[in-house]
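Structure first, then comments.
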Amino acid sequence: MFTIKNHLEKRDSHLTIGGVDTVDLVEKYGTPLYVTNEQRVRDNFRRYSEAFPDADMYYAAKANGNFTIMRILAQEGAGADVFGDGELYMALLAGIPKEKILFNGNSKTDRELEMAVETGVRVSVDSLDELNTLSRIAKSQNRTINIAFRVNPDVSPDTHPKISTGLKTSKFGIPHQEVVEAYKEAVELEGVNPIGMHCHIGSQILDTSPFDEAVNRMMDLVEQVKRLGVELEFLDIGSGLGIPYKKGELAPTPKDLADVVLPIFEKRSKAIGVNLKLIIEPGRYIMGDTTVLLTTVNTMKHAAKKFVGVDAGFNLLIRPAMYDSYHHVVVANKVDAQISSLYTVVGPICETGDILAHDRELPEVEKNDIIAIFDAGAYGFSMSSQYNGRPRCAELLVNDGQVDIIRKAETYDDLLANQLVPTRFL
Ligand code: LLP
């Protein structure tokens, strides 16, 4: 065994994951195919919780909403950051305790707010308008719901603009200058009990300094809110820790993040005289590197570039098309072969932007080879679609040689599943 990247290894020139040969998996289950290593999910979660021993980890379900993944994380003691009613439904069903679920969202429906009140989870309130709606709904159910406000801290991390969420102009949260007023209003309203404060500055952040800035800003607000006489119970600093997608890319570890965040959090909590539970909402760090997307080479074309046409496209992994994201690729059945030339790996979707990997050094690629796309566990399957009439693929879980199907591949029937044909077209 030889490690290629983290938990990914090779045996007889084949890529293996969780002790299983990817070429065997493809023979048995076909492609495209998502394959997740269970132990890596657990290890990533544990590494994060060990770095923040007193904090609660609310897994960001949007990163990977597979139910078995949620069960694994529930077993590990995770809470959940949910961003919609479907994620809330799944998190509760997976056994995540309602006290450890934060319902986030900048545009929740009244029905979603009702569901939050009925199920007794916490809500991160994104605007004063939402605060009033939530108060009305809670009163009508004779209940009081625990809330936090989502703060827009106006912090600018160095990441792709589409995944930066805490900028002044972002759609998320209440401008930090207006937050204290929001707590004042909440205290006056029935049905809502402000017990927390929340922010999230972005994703795939490879530098810890924006977290320093965000935590300091949040502690300033905690201090001001305390002066109002509001005793907060938690501070949720969201997430955003990046992972190294490129070979040699440096990314801070959870421990590096803790070394920045905890001293500020502890020192300032003491100075202000508050005893807050720290909450973190990791998604990408837990799931990103756990999973490969396996795809078969349908066809080769030597035109302006050497194009490798594979059977997965942005219908299954949209990150390269949407954010110009880099995902490392290897030829899974030839991991020992010598580099031959530069190839561009493209999907089958009818869009010029359907490119999974630009100009990559690969061994000679031929029809029927298997390309493995690394680090596809976060925002991979969860952002997939049926574009171009393509049923979604299966997901497997592997662990120490054991293989389980955790999602069946869709069929043509699934393309038609909810479509109704008026009788005049029959
Ligand atoms: N908490 C909140 C409120 C969030 O909005 C997010 C991600 C997270 C936690 C988890 O952040 P993470 O640990 O994964 O960085 N689709 C994009 C990423 C969008 C992230 C949206 N919010 C991508 O593929 O890069």
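Here are some notes:
- Top-ranked residue in the range 77-100 [being of a type in the set (A, V, I, L, M, F, W, C) and within 12 Å of residue 60 (Cβ to Cβ); ranked as surrounded by the fewest Cβ atoms within 10 Å (Cβ to Cβ)]: 83
- Breaking point among (1) away from the ligand (no atom under 16 Å from the Cβ); (2) not in a loop (DSSP other than H, G, I, E, B), for residue 320: (1)
- Residues in the range 244-255 that are closer than 22 Å to residue 328 by Cβ and not in a loop (DSSP other than H, G, I, E, B): 254 alone.
- Test: residue in the range 274-296 that is surrounded by fewer than 23 Cβ atoms within 10 Å (Cβ to Cβ), within 23 Å of residue 314 (Cα to Cα) and not aliphatic (A, V, I, L, M): yes
- Top-ranked residue of the range 150-164 - restricted to ones that are without any contact (Cβ under 8 Å) to a residue 60 or more places away in the chain and not acidic (Asp, Glu), ranked as nearest to residue 243 (Cα to Cα): 164
- Meets criteria (in contact with a helix residue (DSSP H, G or I) (Cβ under 8 Å, 6 or more places away or on another chain) and either more than 19 Å from residue 68 (Cβ to Cβ) or among the polar types (S, T, N, Q) (or both)) for residue 120: yes
- Failed item in (1) exposed (fewer than 13 other Cβ atoms within 10 Å of the Cβ); (2) not in a loop (DSSP other than H, G, I, E, B), with residue 345 passing the rest: (1)
- In the range 59-78, the residues that are closer than 15 Å to residue 280 by Cα and part of a helix (DSSP H, G or I) reach residues that are of a type in the set (Lys, Arg) and more than 15 Å from the ligand (Cβ to nearest atom) with C-beta atoms within less than 9 angstrom, at least six apart or across chains, in these pairs: 73/42.
- Test result for residue 15, assigned to a strand (DSSP E or B), farther than 30 Å from residue 132 by Cβ and at pLDDT 95 or above: yes
- Tally, over the range 70-87, of residues that are more than 12 Å from the ligand (Cβ to nearest atom) and acidic (Asp, Glu): 2
- Scanning the range 270-306 for residues that are part of a strand (DSSP E or B) and charged (D, E, K, R) returns 277, 301, 306.
- Of the residues making up the range 98-149, just one is among the charged types (D, E, K, R) and in contact (Cβ under 8 Å) with a residue 60 or more places away in the chain, namely 122.
- In this structure, residue 242 does satisfy being of a type outside the set (Ser, Thr, Tyr), at pLDDT 95 or above and out of contact with any helix residue (DSSP H, G or I) (no Cβ under 6 Å at 6 or more places or on another chain).
- Residue in the range 23-46 that is at pLDDT 95 or above and within 23 Å of residue 234 (Cα to Cα) present: yes
The values are calculated or read from the model by the stated rules, or taken from the named source; none is laboratory data. In this text the structure is predicted, and so the values were computed from the model without any measurement. All Cβ positions, even for glycine, are placed from backbone atoms using ideal geometry, and neighbour counts span all protein chains on display.
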